[in-house]
Amino acid sequence: MPNDVLLKIEDLHVEFQNKKKGKPLAAVDGVDIAIPEGRIVGLVGESGCGKSMTAMAVMGLLSRPSRTSQGKILLGETDLLALPAKEVRKITGDRISIIFQEPMTSLNPLITVGKQVDEVLRIHANIAPQEAREKTIEMFRAVGIPEPEKRYHSYPYELSGGLRQRIMIAMAMICKPDLLIADEPTTALDVTIEAQILRLMKELQQETKMSVLLITHNMGVVAQACDEVYVMYLGKVMEYAEVHELFQHPTHPYTLGLMHSLPGTARHGEPLYNIPGVVPPLSCLPEGCRFCTRCERAQERCFKEQPGLYDVGQGHMVRCFLYEKGGEANG
């Protein structure tokens, strides 16, 4: 693990109360993630794998019936999980900010977008309304919003999906955070706007030297934007590597399935590969490896025991018994 880690998640457990059976349901199950300074870290996996729950835990946005039951979230030496909610709110939106999946549901339809971005400055920077307006317009210009003075007075419904997402980026960037969490920021956008948004995020990251946690289900987005990648499935990290290492030597069967599902990987005339089955509900987690019920290489042991994380070289970690001899278990 690098020494210049900005945020470190250690053994994080997030669970839901299960009223029917009484036993909590594990949405995030012992996750360890390190986000170095000035790097873009990808967190990838299908819907329902715990990616957004991890982000919500970092931002202190979990609410009943979900809760953090174990672990640490360290920003420098400060454990965010040990702080009172009031102290966490001072940090989130300032040093840590987030872009949510769908801007239309994240923006207040009754308030102009300029006033919504102003509010972040007034809360965290405690500046006068006129100065907040000037800084907001300046940020709108920085994220490529045309006619920023005019758009300042627009309501969300008056803007396109791409412009709304740029508003969300401006809101997240206005206090110049150390860490930006982007939770599937291009999901609702067409491929042209998606490329523009990804390019904008990367340019802003390079200019400000902030760290980014990019949450996505799209391996193509990971290849374009990230420096290193965590592959997550059913609440556990299945694989971790630098992005070039991961794409040159994908190792876990789940990662291979995600790679083979990319458009353009199938031969002409053949159907696109899809991973067998679906992500099971949290109430039906396998006893052994989380992926065993969908894995085409699963053995008897996989259904009974949970593998650790094994080092296969170059800092490449894999949670799979197939690579147990490639290194010592790390959890």
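For the chain, what's the relative contact order in percent, using C-alpha pairs closer than 8 Å and at least 6 residues apart?
19 percent
Label region 57-126 by shape, choosing from rounded, prolate and oblate, from the square roots a ≥ b ≥ c of the eigenvalues of the Cα gyration tensor; if a/c is under 1.5 it is rounded, and otherwise prolate applies when a/b is larger than b/c, oblate when it is not.
In terms of gyration-tensor shape, oblate.
How much of the DSSP bridge set in region 181-312 is antiparallel, in percent, rounded to the nearest 5?
Restricted to region 181-312, the bridges split so that about 65 percent are antiparallel.
Which whole-percent values make up P(r) of region 230-272 when all C-alpha to C-alpha distances are grouped in 10 Å steps starting at zero?
P(r) for region 230-272, in whole percents per bin: 27, 48, 22, 4.
For Cα pairs less than 8 Å apart in space and 6+ apart in sequence, what is the mean separation divided by the residue count of region 20-178, i.e. the relative contact order in percent? Mind dumping the intermediate values first?
Values: 147 pairs, mean separation 36.0, N = 159.
Relative contact order here is 23 percent.
Any idea what the dipole of the chain comes to, in debye rounded to 20, about its Cα centre with Lys/Arg Cβ at +1 and Asp/Glu Cβ at -1?
Charge dipole of the chain: 980 debye, to the nearest 20.
Kindly sort LEU246, LEU83 by accessible area of their heavy atoms, largest first, with the probe set to 1.4 Å.
From most accessible down to least: LEU83, LEU246.
With every protein chain present, what is the per residue accessible area of the chain (1.4 Å probe, Å²)? Don't jump to the answer; show the numbers that get you there.
On the way: 16360 Å² over 331 residues.
Value returned for the chain: 49 Å² of accessible area per residue.
Taking 8 Å as the Cα distance limit and 6 or more residues as the minimum spacing, I'd like the relative contact order of region 166-277 as a percentage.
Relative contact order, region 166-277: 17 percent.
Sort by residue number and name the cysteines in the chain that have no neighbouring cysteine Cβ under 4.7 Å.
CYS49, CYS175, CYS226, CYS284, CYS295, CYS320
Taking a spot 7 Å from the Cα of SER69 along the direction of its beta carbon, which residues of region 17-49 have an amide N less than 20 Å from it?
Once the point is set 7 Å along Cα→Cβ of SER69, 17-33, 48-49 turn out to lie under 20 Å by backbone N, inside region 17-49.
Over the alpha carbons of region 138-239, what is the largest minus smallest coordinate on each principal axis, giving the biggest first in Å?
So the extents along the principal axes, rounded to whole Å, are 47, 27, 22.
D for region 204-249, whole µm²/s, Stokes-Einstein with Kirkwood Rh over alpha-carbon pairs at 4 °C and 1.567 mPa s: what number? Write out the running numbers ahead of the final one.
Working: Rh = 11.6 Å.
Roughly 112 µm²/s, to the nearest whole number.
Mind listing the long-range amide H neighbours of ASP94? Cut-off is under 5 Å, sequence gap 5 or more, other chains count too, H placed in the peptide plane at 1.01 Å from N.
none
Taking the Cα centre of each part, how many Å lie between region 153-188 and region 45-96?
After rounding, the separation between the Cα centres reads 20 Å.
Would you mind classifying region 230-331 by shape? Square roots of the alpha carbon gyration tensor eigenvalues, ordered a ≥ b ≥ c; an a/c under 1.5 is rounded, otherwise it is prolate if a/b is larger than b/c and oblate if not.
oblate
For region 221-289, which whole percent of the accessible surface, found with a 1.4 angstrom probe, sits on carbon and sulfur atoms?
Working: 1810 of 3230 Å².
Using a 1.4 Å probe with all protein chains present, region 221-289 comes out at 56 percent carbon and sulfur.
Show me, for region 309-323, the HN-Hα J-couplings you get by feeding each phi into the Karplus relation (A = 6.51, B = -1.76, C = 1.60, θ = phi - 60°), rounded to Hz, glycine and proline as x.
Here the 3J(HN,Hα) series is 8, 10, 7, 9, x, 6, x, 8, 10, 9, 9, 7, 4, 4, 10 Hz.
Starting from 0 in steps of 20 Å, tell me what percent of the Cα-Cα pairs of the chain lands in each bin.
Once binned at 20 Å, the Cα pair distances of the chain give 30, 57, 14, 0.
Over region 29-149, what percent of the accessible surface lies on carbon and sulfur atoms, probe 1.4 Å? Don't skip to the end; give the middle numbers.
On the way: 2980 of 5960 Å².
It is 50 percent, rounded to a whole number.
ILE127 to LYS19: extension gain in nm, 0.36 nm per residue of separation minus the Cα-Cα distance?
34.3 nm
What value, in deg cm²/dmol to 500, does the helix sum -39500 (n - 2.57) over DSSP H runs of n ≥ 4 give at 222 nm once divided by the residues of the chain?
Result for the chain, helices only: -9000 deg cm²/dmol.
From the protein chains alone at 1.4 Å, what is the descending order of accessible area for THR186, THR293, largest first?
Heavy-atom accessible area, descending, gives THR293, THR186.
So which of LYS8/LYS51; LYS209/LYS236; LYS115/LYS176 end up more than 20 Å apart, counting from Cα to Cα?
Too far apart for the 20 Å limit: LYS209/LYS236.
As an exercise, find the ratio Rg/Rh for region 65-214 from alpha-carbon atoms, using the Kirkwood inverse-distance average for Rh.
Using Cα coordinates only, the ratio equals 0.97.
Expressed in nm², what is the orientationally averaged projection area of the convex hull enclosing the Cα positions of region 92-177?
On the way: hull surface 19.6 nm².
Mean projected area for region 92-177: 4.9 nm², to one decimal.
Using the reciprocal of the averaged 1/r over all distinct C-alpha pairs, how large is the Kirkwood radius of region 1-130 in Å?
Every distinct Cα pair counted, the radius reaches 16.6 Å.
The values are calculated or read from the model by the stated rules, or taken from the named source; none is laboratory data. Not measured: the values here are computed from a predicted model. All Cβ positions, glycine included, derive from the backbone under ideal geometry; neighbour counts span all protein chains shown. Surface areas here come from the heavy atoms of the whole protein model, side chains and all, with no ligands, DNA or RNA. Shrake-Rupley method; radii C 1.70, N 1.55, O 1.52, S 1.80 Å.
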